[in-house]
1. Which members of the range 63-109 meet the condition of being among the hydrophobic types (A, V, I, L, M, F, W, C), surrounded by fewer than 17 Cβ atoms within 10 Å (Cβ to Cβ) and more than 24 Å from E29 (Cβ to Cβ)?
2. Mind listing whichever residues of the range 364-380 are exposed (fewer than 15 other Cβ atoms within 10 Å of the Cβ) and at pLDDT 90 or above?
3. State which residue is farthest from T100 (Cα to Cα) when the search covers only the range 32-62 and only residues that are among the acidic types (D, E) and surrounded by 13 or more Cβ atoms within 10 Å (Cβ to Cβ).
4. Across the range 188-215, what is the total count of residues that are in a helix (DSSP H, G or I) and without any contact (Cβ under 8 Å) to a residue 24 or more places away in the chain?
5. Taking the residues in the range 90-103 that are within 20 Å of the chain's Cα centre (by Cα) and at pLDDT below 85 as candidates, determine which candidate is nearest to G54 (Cα to Cα).
6. Based on what the data block shows, is I11 at pLDDT below 85 and either part of a helix (DSSP H, G or I) or closer than 16 Å to I81 by Cβ (or both)?
7. Taking the range 257-283, which residues are part of a loop (DSSP other than H, G, I, E, B) and surrounded by 15 or more Cβ atoms within 10 Å (Cβ to Cβ)?
8. When the residues of the range 205-227 are filtered to those that are surrounded by 17 or more Cβ atoms within 10 Å (Cβ to Cβ) and of a type in the set (D, E), which remaining residue is modelled with the lowest pLDDT?
Amino acid sequence: MVTVVPSQSSILFNLTNISYDDPDAISLELALKVLELGNFEEKWAIAKILVRYGKEVIAPLKEIILDEKANVEHRWYSLKILNEIKDPEIILIVTELLTTTQEEDLLLLASQTLASQGKQSVAFLSQLLENSSYRFLATKALAQIPSVQIVKPLLSVVNDQDSTIRAIAIATLRNFDTPEIKSVMINALQDYASSVRKEAIIGLGLKLKLPEELEIVKLMFPLLYDINLSVAQQTAISLSRSNHIFTIESLNKVLRDEQIPETLKVTIVRTLSWIATPQSLECLKEYIYISNFSITLEIITVLGRVTKSNLQNQAVTILSDFYHSNSLKLKSPEILQSLCYSFKQLNATTTIDILKAIEANGNSQVRFHAQNALQELAIK
């Protein structure tokens, strides 16, 4: 017996002769072909028909959605159809998709699909948490649902053996605000997994404008010395949300520690500039003279980015004093160029004499930056 396989052209011919006004005349097989090969209008029309098949369409659409080699648009339309159907099987499909694809459009629609399943979705995924084989998938799926209903199930996995699950749970819970979640974040600062500590630091950093700010800062401070550089840097970044004097003094102390990696010092310099208080800029003023070349260059750069009008004069004074200090670092073209650029950013008209002196430098690039700054300040 010979099996006749229809050609692409014959399939397309059949598609053009479909009557969308009579959905009962369209078979599931043909409807799926329209979804695969049709144009935008045909896909949109057939999607409404496929929804009517209910559970019967779930299996073939699942195969399309989870096929990483399939056309992204084809997968998106398939998922869009499932979004209109209520069934626990769909939750499982979307959960699996979240762990296998990197396509942003699919991830966004997958999240919307989970949310559209409502309480049923949270209840189903909560049950999956009890099964170690599905716990990771369920945790990742719950993290996509923007509802307070996910708090309780995620709290149940914050001490899971899998550090990835703990990190996902912590990262999601930080979007909610309850005393219980705060305690979880604090406990996670001691987690052996750096990924979990980092997520906890981010979460606690978001709460630094609350009355208990100092208490949280003191708990975060030790992680500036974390063995994992990424955690230490994130701690510095999170502390930028606090302008408490203890925060500034703590950052200044770490900045002056000779054992601290240079990359972390760069982050701390930026953090002090983001805090943007007279005290934090004073720390930069003191350190600009004793730091190494790279850190000095970073301090000059961040001072040029000060935007608060009441602090710009202080920044200009710090940079002007540094120029007049005759530091050996001023022999570097990079330092001089950076000074010119920062003076320009700060609209420092009081530094015109300094810029004219720099303009006489033998380095053509230095002269260019000085002339550019002078021209800018003259216009203003």
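The values are calculated or read from the model by the stated rules, or taken from the named source; none is laboratory data. Given the structure is predicted, the values throughout are model-derived calculations rather than measurements. Every residue, glycine as well, gets a Cβ built from its backbone with ideal geometry; the counts of neighbours run over all protein chains shown.
1. L107, L108
2. S364, Q365, F368, Q375
3. So the first thing to find is which residues in the range 32-62 are among the acidic types (D, E), and the list is 36, 41-42, 56.
Filter once more, keeping what is surrounded by 13 or more Cβ atoms within 10 Å (Cβ to Cβ): 36, 42.
Working: E36: 21, E42: 28 Å.
My answer is E42.
4. Taking the range 188-215 as the starting set, the residues that turn out to be in a helix (DSSP H, G or I) are 188, 194-205, 213-215.
Those still in the list that are without any contact (Cβ under 8 Å) to a residue 24 or more places away in the chain too: 215.
Residues meeting the conditions: 1.
5. L98
6. Values: at pLDDT below 85: yes; either part of a helix (DSSP H, G or I) or closer than 16 Å to I81 by Cβ (or both): yes.
Taking the combined requirement at face value, the residue satisfies it.
7. Answer for the range 257-283, where residues must be part of a loop (DSSP other than H, G, I, E, B) and surrounded by 15 or more Cβ atoms within 10 Å (Cβ to Cβ): I260, A276, T277.
8. So, considering only residues that are surrounded by 17 or more Cβ atoms within 10 Å (Cβ to Cβ) and of a type in the set (D, E), the one modelled with the lowest pLDDT is E213.
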